[in-house]
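**Q** Mind looking over this structure? Questions follow.
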Amino acid sequence: METTELIGDGIESVHVWQAYVMCAVTTVTFYILGEILDRLGKPKCVAPEVEFWKWRNITISWIHGVICGTWVILCLVLYPDLVRDPVAYINNFMYLMVPFSAGYFIYDTIDMKMNKKIGTYWEVTLHHFVIVSSFIYNFNIRSCIGYNVIILMAEINTIFLHMRKLLQMCHVGFDTKLYRFVSLTNIFTFVTCRLIPILRVYSGLYLDFHRVSLTYVITFWWTITTGLVINLILFGRLVKSDILRGFSGKGKQKVDNASGKSIFENGDLNFDKDE
């Protein structure tokens, strides 16, 4: 059966050089934002034992999540056909979001390298590498941008994932209404904006197999599978920390006398430093 392509404004409406400019400008902008936060210092509400770099890094990631998450929602509302044909559908608005996010991930990798965090957050580094590679390839060939938009739905969840962490850093207890709201919204958006979109991409790789090269399918499959494994591990930790701990009555905020760290810190893992 013949496939009808939904092309949006068409491939000629977007320009690769603009994507590289967007990527570079975004990287520099987030670097400048980091320098500003360095000068301002850690807010008084943040617990003394929280490392400044970690607070700054998560804050910047949260800002990226707010911008990109809003951008994704606008793409889905204004251009719903991108979900129906994620291979061919393209316009400048959705196209430039891809290098914008690539620029942020490049900045974050550089920041971790400069602060000697690559080894500590190796899984985040791996995530950034596979995502940036995919994004750069896609905006170069100006194809499959819709798939990148679907994957970037994860940034909607990032808003609540990092808000949860920032609340922990301010010693907001598990039993407060604010924390419970953010925690439950985080779990809900994790499923709807991270896991389900990954499944949509998997189905798309099967349905659109004939429209892209075998090399692309294999590479993209590896990228998505890596992201799925990382996200499933994180999801399990989140459920254990925020759901099961609540049922067991251990969701109280306290300080570990032996380590001097918040119980939140003891229960976390590196993945929620970034998505």
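Quick note: the coordinates plus some simple rules give every number you see, no bench work behind them. Owing to the predicted nature of the structure, the values given are computational and were not obtained by experimental measurement. All Cβ positions, even for glycine, are placed from backbone atoms using ideal geometry, and neighbour counts span all protein chains on display.
**Q** Could you work out [θ]222 nm for the chain from helices alone, using -39500 (n - 2.57) per DSSP H run of at least four and dividing by all its residues? Round to the nearest 500 deg cm²/dmol.
**A** So the helix-based figure for the chain works out to -21500 deg cm²/dmol.
**Q** Computed FRET efficiency, Cβ-Cβ of Leu33 and Leu214, R0 41 Å: what is it to the nearest 0.05? Don't skip to the end; give the middle numbers.
**A** On the way: r = 41 Å, r/R0 = 0.99.
Computed FRET efficiency for Leu33 and Leu214 comes out at 0.50.
**Q** Cα axis of helix 196-207 to longest principal axis of the chain: angle in degrees, 0 to 90, nearest 10?
**A** Approximately 20 degrees, to the nearest ten.
**Q** Here's something else I'd like to know. Rank these for me by crowding, Val66, Val50, going from fewest to most other beta carbons within 10 Å. Intermediate results must be reported in sequence, preceding the final value.
**A** Values: Val66 16, Val50 21.
So the residues, fewest neighbours to most, are Val66, Val50.
**Q** Segment 128-203: which trypsin sites (Lys or Arg not before Pro) are DSSP loop and have at most 11 other beta-carbon atoms within 10 angstrom?
**A** On the way: sites: Arg142, Arg164, Lys165, Lys177, Arg180, Arg194, Arg200; in loops: Arg142.
Sites meeting the loop and neighbour criteria: none at all.
**Q** Still on this structure, please answer the following. Mind checking which of Thr192, Thr70, Thr120 has the largest fluctuation in a GNM of the chain, springs on alpha carbons under 10 Å?
**A** Thr120
**Q** So if R0 is 35 Å, what FRET efficiency would Arg200 and Ile7 give, r being the distance between their Cβ atoms, rounded to the nearest 0.05?
**A** Once rounded, the FRET efficiency stands at 0.95.
**Q** If you take every residue apart from Phe52 with its C-beta less than 10 Å away from the C-beta of Phe52, what net charge results, scoring Lys and Arg +1 and Asp and Glu -1?
**A** +1
**Q** Right, next: Could you put His127, His15, His210, His162 in order, starting from the residue whose Cβ has the fewest other Cβ atoms within 10 Å?
**A** So the ranking, lowest neighbour count to highest, is His210, His15, His127, His162.
**Q** With no solvent and one point per C-alpha, what does the Debye sum give as log10 I(q)/I(0) for segment 3-137 at q = 0.08, 0.11, 0.18, 0.21 Å⁻¹?
**A** -0.27, -0.48, -1.05, -1.28
**Q** On to the next question. Tally Lys and Arg at +1 and Asp and Glu at -1 over the other residues with C-beta under 14 Å from the C-beta of Phe181: what net charge comes out?
**A** Numbers: positive: Arg164, Lys177, Arg180; negative: Asp175, Asp242.
Neighbour charge sum, excluding Phe181 itself: +1.
**Q** For a distance above 12 Å, tell me the whole-number percent of Cα pairs in segment 157-204 that qualify.
**A** 61 percent
**Q** Which trypsin sites (Lys or Arg not before Pro) does segment 1-103 hold that lie in a coil by DSSP with at most 14 other beta carbons within 10 Å?
**A** Numbers: sites: Arg39, Lys44, Lys54, Arg56, Arg84; in loops: Lys44.
For trypsin sites (Lys or Arg not before Pro) across segment 1-103 that sit outside H, G, I, E and B with at most 14 neighbouring Cβ atoms in 10 Å, the list reads Lys44.
**Q** For Gly8, enumerate residues with amide H under 5 Å from its amide H, sequence gap 5+ or separate chain, H modeled in the peptide plane.
**A** Under 5 Å from the amide H of Gly8: Ile90.
**Q** From Cα pairs below 8 angstrom and at least 6 apart in sequence, can you work out the relative contact order of the chain, rounded to a whole percent?
**A** Working: 323 pairs, mean separation 67.5, N = 275.
It rounds to 25 percent for the chain.
**Q** Checking the a/c ratio against 1.5 first, then a/b against b/c, what shape does the Cα gyration tensor give for segment 63-182?
**A** Oblate, since a/c reaches 1.5 and b/c is not below a/b.
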